[in-house]
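Undergrad: Would you mind keeping the following structure in view while I ask a few things?
The values are calculated or read from the model by the stated rules, or taken from the named source; none is laboratory data. Bear in mind that the values here come from a model prediction, so they are computed numbers and not experimental data. Because the Cβ atoms are built from the backbone with ideal geometry, glycine has one as well, and the counts that use them run over all protein chains shown.
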Amino acid sequence: MKLVIANWKMNPQTLTEAEGIFNSIKNEIKTVKNVEVVICPPFVYLEKLAVSVSVGDAFSFGAQNCFWEKSGVYTGEISPLMLKDLGAKYVIIGHSERRRYLGETDEMIAQKVKAVLENGLKPILCIGETREQRENGLTAETIKKQLEKDLNQISNSELQISNSEIIVVYEPVWAISSGRVGAGNPCLPEDAAKAVSFIRDKLAEMFNREIADNIRIIYGGSVVSDNVAGYLQKKGIDGVLPGAASLNAVEFIKLIKNAENL
Ligand code: PGA
């Protein structure tokens, strides 16, 4: 079962538009076969959209961030428990835009990953190198350090409890689009597959081979309907995380269909 995670980022501008996009894709994602779809809208749209999930649907909802505490004096923050209460099943953690614009550090990310798991949600951990790191031959080193730091609070036993699961996204920063479908600079599927296999080996070293083989590792960065098959056909790539392409209902349905028909 391939995983497609839609990262809406800080879009669209109004709830009406968000409902419009969701209503246009709803029938498709309810009944899709062989693909699990996760929609990650901004927090404020979650409650309204997540109520439409019924038992047996092939899709669910996720958030794009959270705080690590359960409640308390943390102005502006939102806890994993609050997200769970609204119907979220997943939480994206450590997206490069948060690392870059909000100063999110690996230490903060490690606490968030732990809190998300502890609350029975699934963290979607994003890692990946910048263009400069890639040009300096530091791709493997960067990914390795991020995994070590971001998962340093997670033990084997936590990942062996049924339903507790992490998803890792290889998302090279240079490959992320500026928000326009088809205008990005995607990573070649063979390079993405190489990075994903490196990530799996590293996870096997950190936990064990069985846990590493069960972790879903996906690719993100300018994924569109035309290139999705290239990633999903590569051994080891368990799914994709489209941003811009997930906000255009026609394009997103095409992407899902292309994933479904593999
Ligand atoms: P993109 O975004 O598909 O628009 O490149 C992916 C992401 O950053 O999550």
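Undergrad: Filter region 198-220 for residues that are under 22 Å from ASN34 (Cα atoms) and either polar (S, T, N, Q) or touching a residue at least 60 places away in the same chain (Cβ under 8 Å) (or both) and give the result.
TA: Across region 198-220, the qualifying residues are ASN214, ARG216, ILE218, GLY220.
Undergrad: Here is a follow-up. Yes or no: region 168-175 includes at least one residue that is within 16 Å of the ligand (Cβ to nearest atom), farther than 18 Å from GLU135 by Cα and crowded, with 23+ Cβ neighbours inside 10 Å.
TA: Within region 168-175 (the criterion being within 16 Å of the ligand (Cβ to nearest atom), farther than 18 Å from GLU135 by Cα and crowded, with 23+ Cβ neighbours inside 10 Å), the answer is yes, since at least one residue qualifies.
Undergrad: Of the residues that sit in region 209-233 and are in a loop (DSSP other than H, G, I, E, B) and crowded, with 18+ Cβ neighbours inside 10 Å, which one is farthest from the ligand (Cβ to nearest atom)?
TA: ILE215
Undergrad: Go through region 246-258 and give me each residue that's aliphatic (A, V, I, L, M) and either more than 14 Å from the ligand (Cβ to nearest atom) or closer than 17 Å to ILE124 by Cβ (or both).
TA: Hits for region 246-258 are ALA249, VAL250, ILE253, ILE256.
Undergrad: Further question: Residues in region 199-216: is at least one in contact with a Pro (Cβ under 7 Å, 6 or more places away or on another chain) and of a type outside the set (Val, Ile, Thr)?
TA: Checking region 199-216: not a single residue is in contact with a Pro (Cβ under 7 Å, 6 or more places away or on another chain) and of a type outside the set (Val, Ile, Thr).
Undergrad: Can you list the helices (runs of 4 or more DSSP H) found entirely within region 99-160 that contain at least 2 residues being acidic (Asp, Glu) and loosely packed, with under 14 Cβ neighbours inside 10 Å?
TA: Numbers: elements: 106-118, 131-135, 139-150, 156-160.
In region 99-160, the matching helices (runs of 4 or more DSSP H) lie at 131-135.
Undergrad: Further question: Do any residues in region 76-103 that are without any contact (Cβ under 8 Å) to a residue 24 or more places away in the chain have Cβ atoms under 7 Å from those of residues that are more than 16 Å from the ligand (Cβ to nearest atom), where the two are at least six apart or on different chains, and which pairs are they?
TA: Going by the 7 Å Cβ cut-off, the qualifying pairs are GLU77/PHE67.
Undergrad: Something else: Filtering region 181-195 down to residues that are modelled with pLDDT of 95 or more and within 16 Å of the ligand (Cβ to nearest atom), which residue is farthest from LEU255 (Cα to Cα)? Reasoning before the result, please.
TA: Filtering region 181-195 down to residues modelled with pLDDT of 95 or more leaves 186-195.
Still in the running and within 16 Å of the ligand (Cβ to nearest atom): 186-189, 191-192, 195.
Details: PRO186: 15, CYS187: 17, LEU188: 17, PRO189: 16, ASP191: 21, ALA192: 18, ALA195: 23 Å.
The selected residue is ALA195.
Undergrad: With the structure loaded, tell me whether ALA193 is within 20 Å of VAL4 (Cβ to Cβ) and part of a helix (DSSP H, G or I) or whether it fails that test.
TA: Answer is yes for this residue.
Undergrad: Look at TYR45 and say whether it is hydroxyl-bearing (Ser, Thr, Tyr), at pLDDT 95 or above, farther than 17 Å from GLY239 by Cβ and assigned to a loop (DSSP other than H, G, I, E, B).
TA: no
Undergrad: A further question follows. With respect to ILE21, is the statement that it is part of a helix (DSSP H, G or I) and within 16 Å of the ligand (Cβ to nearest atom) true?
TA: yes
Undergrad: I'd like to check something: does region 59-81 contain any residue that is surrounded by 15 or more Cβ atoms within 10 Å (Cβ to Cβ) and part of a helix (DSSP H, G or I)? Even if it seems obvious, please write down each step before you answer.
TA: Filtering region 59-81 down to residues surrounded by 15 or more Cβ atoms within 10 Å (Cβ to Cβ) leaves 59-68, 78-81.
Keeping just the survivors that are part of a helix (DSSP H, G or I) gives 80-81.
Yes.
Undergrad: If you don't mind, another one. With the requirement that a residue be of a type in the set (Lys, Arg) and within 16 Å of the ligand (Cβ to nearest atom), what does region 92-133 give you?
TA: ARG98, ARG99, ARG100, ARG131
Undergrad: For CYS187, work out the one condition from (1) assigned to a loop (DSSP other than H, G, I, E, B); (2) in contact (Cβ under 8 Å) with a residue 40 or more places away in the chain it doesn't fulfil.
TA: Unmet for CYS187, out of (1) assigned to a loop (DSSP other than H, G, I, E, B); (2) in contact (Cβ under 8 Å) with a residue 40 or more places away in the chain: (2).
Undergrad: Hey, among the residues in region 39-71 that are of a type in the set (Val, Ile, Thr) and in contact with a Leu (Cβ under 8 Å, 6 or more places away or on another chain), which one's farthest from ILE93 (Cα to Cα)? Break it down stepwise before answering.
TA: At the first step, the residues of region 39-71 found to be of a type in the set (Val, Ile, Thr) are 39, 44, 51, 53, 55.
From what is left, the residues that are in contact with a Leu (Cβ under 8 Å, 6 or more places away or on another chain) are 39, 44.
Details: ILE39: 15, VAL44: 17 Å.
Among those that are of a type in the set (Val, Ile, Thr) and in contact with a Leu (Cβ under 8 Å, 6 or more places away or on another chain), it is VAL44.
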